[in-house]
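Written below as structure tokens is the structure these notes are about.
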Amino acid sequence: MSKTSEAVAAAERWTAHNYHPLPVVIADAEGAWVTDVDGKRYLDCLAGYSALNFGHRHPALIAAAHAQLDRVTLTSRAFIHDQFAEFCQKLTDLTGKDLILPMNTGAEAVETAIKVARKWGYLVKGVRPGQAKIIAMEGNFHGRTTTIVSFSTDPDARDDFGPYTPGFQLVPYGDLAALEAAIDENTVGVLVEPIQGEAGVLVPPAGFLPGVRELCTRNNVLMLADEIQSGLGRTGDTFACDDEAVVPDMYIMGKALGGGIVPVSAVAADQNVLGVLKPGEHGSTFGGNPLACAVGIAVIDLLRTGEFQERSRELGERLHTGLAKLIGDGVTEVRGRGLWAGVDIDPALMSGRDASVQLMERGVLAKDTHGSTIRLAPPLTITADEVDWALEQFHSVIA
Ligand SMILES: Cc1ncc(COP(=O)(O)O)c(C=O)c1O
């Protein structure tokens with residue numbers, strides 16, 4: 001029995017089956033590559049669903065984490081620590097917003113956005129108590145909490161987890177007329193992924209995000225952009241909203257903010273929005289801890305060079321040009337932007353799961369979603385040769 005089979009069997013035996021991982025057992029990683037327990041190397045084309053935008057163990061991020069580990073790692077928010085202000089200040093610089101509220105996971109940041117939008121609705125907009133409504137999009141993925149799955153349209157994510165949290169209304173993604181019709185005097189927020197990642201890397205029609213912005217402004221509603229997967233360089237810009245020069249009222253960030261080392265999430269908004277919170281109304285023991293802030297500062301410093309956004313733009317073009325050539329040749333459609341692609345495999349040929357298993361056997365790690373779509377989101381540190389090699393492996397799987 002290989003070490004891999006043993007470790008796969010042990011994982012099956014001892015864990016809840018809330019995931020269906022590929023049978024690869026990773027022992028080491030560096031840059032865009034991981035090595036399994038049997039010594040086989042793989043090109044990581046998933047990058048922790050964009051949590052590893054800077055690759056595995058980026059030297060600057062690891063150095064920041066090591067330095068912080070030797071000093072102080074956790075204080076709770078009962079005290080202030082010496083990394084906190086710098087992290088928040090640098091993140092306000094990156095987002096152009098006044099204030100930051102740090103949390104840990106993406107779902108917590110989304111919950112924060114929901115709570116803040118509701119509170120803003122009551123205190124600032126003057127919505128009657130208990131009436132606040134948030135509009136979300138069909139096909140959304142914002143996390144796994146009971147409130148968030150209440151407005152999921154994915155039966156796997158939602159079914160049997162009720163009773164559901166009220167106060168949400170869904171409209172089709174990309175449909176401005178439906179959004180306009182749904183907005184009423186109780187609407188406090190529109191929650192939107194600038195590109196829907198889990199749904200299969202769905203890019204909305206041009207003009208949709210500016211349209212959402214305009215409708216929100218006109219109706220005194222907060223635009224809440226979930227940039228947890230799309231942000232921080234993934235699409236070739238710092239934020240996916242930048243592509244159409246849209247500035248939401250709140251950026252919701254996570255994943256890559258923790259450099260692939262620690263869970264770090266945050267929301268950024270102006271004083272008139274985040275200022276509605278008072279002590280005791282929201283928080284998290286680990287939110288904004290010293291280790292998270294030290295890594296987060298190093299992440300923001302990397303983003304401020306613009307190098308990763310540029311790599312994503314240039315290499316993304318290479319990736320999309322290569323993938324477009326596969327259309328009609330086992331691939332039916334390719335979507336995405338920058339180093340991020342949703343590739344629909346012809347279901348007559350094979351399932352997305354089969355394709356990801358065959359890619360794995362050829363040394364490329366990627367993951368399927370919704371039956372026949374493969375998601376590609378390699379680290380932004382990937383090289384042109386590695387992109388070409390991954391495309392060759394993709395081609396041989398479907399050829
Ligand atoms: C757009 C989006 N929002 C929220 C989340 C939830 O983040 P987390 O898994 O860190 O809770 C994800 C995770 O995939 C995501 O892609």
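Derivation of every value follows stated rules applied to the coordinates shown; laboratory data play no part. Note that the structure is a prediction, hence the values are computed from the model and not measured. Every residue, glycine as well, gets a Cβ built from its backbone with ideal geometry; the counts of neighbours run over all protein chains shown.
Figures for the structure shown
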| quantity | calculated |
| --- | --- |
| Separation in nanometres of the label points that stand 7 Å from Cα toward Cβ, at Arg218 and Glu392 | 5.3 |
| Label-to-label distance, nm, for residues given as Arg318 and Asp301 (7 Å Cα→Cβ offset) | 2.7 |
| Spherically averaged projected area of the range 231-337 from its Cα convex hull (nm²) | 9.2 |
| Acute angle (nearest 10 degrees) that the helix 208-219 long axis makes with the longest principal axis of the chain, alpha-carbon atoms | 10 |
| Protection-proxy order for peptides 254-263, 221-230, 78-87, 114-123, each taking the mean of Cβ atoms within 10 Å per residue, highest first | 221-230, 254-263, 114-123, 78-87 |
| Theoretical gain in end-to-end length, Gln169 to Gln89 [0.36 nm per residue, Cα-Cα removed] | 25.4 nm |
| For the chain, share of DSSP beta bridges that run antiparallel, in % to the nearest 5 | 65 |
| Three-way shape label, the range 86-216, alpha-carbon gyration tensor, a/c 1.5 | rounded |
| Cα-based radius of gyration of the chain once divided by 2.2 N^0.38 Å, which approximates compact folds | 0.98 |
| Among Asp243, Asp270, Asp70: highest mean-square fluctuation, GNM of the chain, C-alpha pairs under 10 Å | Asp70 |
| Dipole of the chain, positive end: most advanced residue of Leu303, Gly167, Gln358 [Cβ charges, Cα centre] | Gly167 |
| Chain lengthening between Ala10 and His66 when straightened (0.36 nm per residue, less Cα-Cα) | 17.1 nm |
| Inter-label distance, nm, simple model (7 Å from Cα along the C-beta direction), Phe79/Ala245 | 4.8 |
| Listed residues Asp249, Asp156, Asp175, most fluctuating in the chain (Gaussian network, C-alpha, under 10 Å) | Asp156 |
| Modelled FRET efficiency - R0 35 Å, Ala348 with Ala384, Cβ distances, 0.05 increments | 0.60 |
| Cross-link reach list, lysines versus Lys325, counting only Cα pairs under 30 Å and skipping chain neighbours closer than eight places | Lys40, Lys367 |
| Span from the the range 332-399 Cα centroid across to the the range 170-230 one, whole angstrom | 28 |
| FRET E, pair Lys325, Tyr49, Förster distance 25 Å, beta-carbon r, rounded to 0.05 | 0.45 |
| C-alpha long axis of helix 84-95 to longest principal axis of the chain, angle in ° | 80 |
| Antiparallel bridges, percent of DSSP beta bridges restricted to the range 135-264 (to nearest 5) | 10 |
| In the range 51-161, lysine pairs closer than 16 Å at Cα, eight or more apart or cross-chain | 4 |
| Full-extension gain in nm, Arg57 to Asn18, via 0.36 nm per residue minus C-alpha separation | 11.3 nm |
| Residue-averaged [θ]222 nm for the chain, counting only DSSP H segments that reach four residues, each worth -39500 (n - 2.57) | -10500 deg cm²/dmol |
| Acute angle (nearest 10 degrees) that the helix 3-14 long axis makes with the longest principal axis of the chain, alpha-carbon atoms | 40 |
| Förster radius 22 Å - calculated FRET efficiency between Asp156 and Glu361, Cβ distance, rounded to 0.05 | 0.25 |
| Filtered chymotrypsin sites (Phe, Trp or Tyr not before Pro), the range 238-308: DSSP coil and at most 16 other beta carbons within 10 Å | none |
